[in-house]
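> Shown below is the structure under consideration.
The values are calculated or read from the model by the stated rules, or taken from the named source; none is laboratory data. These numbers come from a predicted model, not from an experiment. Quick reminder, even Gly has a Cβ in these numbers, built from the backbone with ideal geometry, and neighbours come from all protein chains shown.
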Amino acid sequence: MANLRAIRTRIKSVESTRQITKSMKMVAAAKLRKTQQASAALRRFAGMSQDLLRSVPADPSNPYLRQNGEGGKTCYVLIVGNRGLCGTYNQALLRWARERMEPDSMLVVCGRWGRDQIGPSERSFEISDAPTAEEAKALSGYLKGLFLEEKADRIVLLYQGFTSVLKQEPAEKILLPLTLPEAEETGTGWLYEPDRKTVTEALVEQVLDSTVHSVLLEARTGEHAARMTAMTAATDNTEELIGELTLELNHARQAAITTEISEIVGGAAAL
């Protein structure tokens, strides 16, 4: 009987775990859909901004186009998850980033997991599970300030690129200095109001902000996908374990009944 009670207790414990993992899977799936929709909408907006910028001849006086010589200081922006329970999403990115980061470089961390797990950094930002334009502008503004004040000569974003629900791969994107696309030759001249320089500056700011926002959304999309996959596997494992424990419980119950019958038969024979 003691063995039966232990098995029943363990089954209840695994069932509770299954409820938790199943709930986390559903939450991750909902967040994944939200970030995917936001990412798709932003991708269209960013594409239009790039098209507008491509139509404007590059202004060499723009400070974000400043190219520095070799040996400049690099600021790496590491975008990790807000929490664990998402497979190797965070650890794989951290290992990859440590292999690529140059010595004596600056580090800015985005994500609560990174703030808790990674060593000292220049600054940390807390990014929500569905990054907003305000959060992206706050991060982008800080990075642009580092570049304009010449505290960093290069800004590189490191994150988990979203390939599919089952696959995320580490990726990097050079945010600054900005490389403008070549202006397209058109048969119709453009009229700029108030002037070309002001329009170019506004477009460059918009492209930088949308690039940061797009990367944040892609990173969070990958995190939610990784967590949903991990919780799906965990739920499947709990169901398999419950099946094994139920079978073990049935065997133990059958053995107990057989023992009781044998004792009854033995007692009757003794009488």
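> Mind listing just one residue for me: the one in the range 234-271 that is surrounded by 12 or more Cβ atoms within 10 Å (Cβ to Cβ) and aliphatic (A, V, I, L, M) and, of those, modelled with the lowest pLDDT?
That would be ALA256.
> If I filter the range 152-168 down to residues being under 12 Å from ALA97 (Cα atoms) and of a type outside the set (Ser, Thr, Tyr), which single residue comes out as surrounded by the most Cβ atoms within 10 Å (Cβ to Cβ)?
Among residues in the range 152-168 that are under 12 Å from ALA97 (Cα atoms) and of a type outside the set (Ser, Thr, Tyr), the one surrounded by the most Cβ atoms within 10 Å (Cβ to Cβ) is GLN160.
> Identify all residues within the range 157-170 that are among the hydrophobic types (A, V, I, L, M, F, W, C) and modelled with pLDDT of 95 or more; write none if there are none.
Matches in the range 157-170: LEU157, LEU158.
> Given the conditions (1) closer than 30 Å to LEU146 by Cα; (2) among the hydrophobic types (A, V, I, L, M, F, W, C); (3) modelled with pLDDT of 80 or more, report the number of the one that ALA183 does not fulfil.
(3)
> Pairs under 6 Å by beta carbon, first residue at positive phi in the range 38-49, partner surrounded by 19 or more Cβ atoms within 10 Å (Cβ to Cβ) and of a type outside the set (Val, Ile, Thr), six or more apart or different chains?
none
> Test THR200 against the stated conditions and say whether it is hydroxyl-bearing (Ser, Thr, Tyr), modelled with pLDDT under 95, over 17 Å from CYS110 (Cα atoms) and surrounded by 19 or more Cβ atoms within 10 Å (Cβ to Cβ). Can you show your working first?
Numbers: hydroxyl-bearing (Ser, Thr, Tyr): yes; modelled with pLDDT under 95: yes; over 17 Å from CYS110 (Cα atoms): yes; surrounded by 19 or more Cβ atoms within 10 Å (Cβ to Cβ): yes.
Yes: the conditions hold for THR200.
> Look through GLY141, GLY47 and report the one residue that is more than 13 Å from the chain's Cα centre (by Cα), surrounded by fewer than 16 Cβ atoms within 10 Å (Cβ to Cβ) and closer than 17 Å to PRO177 by Cα.
Sole residue among the options that is more than 13 Å from the chain's Cα centre (by Cα), surrounded by fewer than 16 Cβ atoms within 10 Å (Cβ to Cβ) and closer than 17 Å to PRO177 by Cα: GLY141.
> With the requirement that a residue be part of a loop (DSSP other than H, G, I, E, B), touching a residue at least 24 places away in the same chain (Cβ under 8 Å) and either in contact with a Leu (Cβ under 6 Å, 6 or more places away or on another chain) or within 13 Å of TYR64 (Cβ to Cβ) (or both), what does the range 140-170 give you?
ALA152, ASP153
Matching residues to (1) modelled with pLDDT under 85; (2) under 21 Å from LEU208 (Cβ atoms):
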residue: ASN3; (1), (2): yes, no
residue: GLN19; (1), (2): no, no
residue: LYS25; (1), (2): no, no
residue: LYS34; (1), (2): no, no
residue: GLN50; (1), (2): yes, yes
residue: SER55; (1), (2): yes, yes
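> Right, here's the next one. Of all residues in the range 6-22 being farther than 12 Å from LEU241 by Cα and loosely packed, with under 13 Cβ neighbours inside 10 Å, which is farthest from the chain's Cα centre (by Cα)?
That would be ALA6.
> Which condition from (1) over 30 Å from ILE7 (Cβ atoms); (2) of a type outside the set (Phe, Trp, Tyr); (3) part of a helix (DSSP H, G or I) is the one that ALA234 breaks?
Against the list (1) over 30 Å from ILE7 (Cβ atoms); (2) of a type outside the set (Phe, Trp, Tyr); (3) part of a helix (DSSP H, G or I), ALA234 comes up short only on (1).
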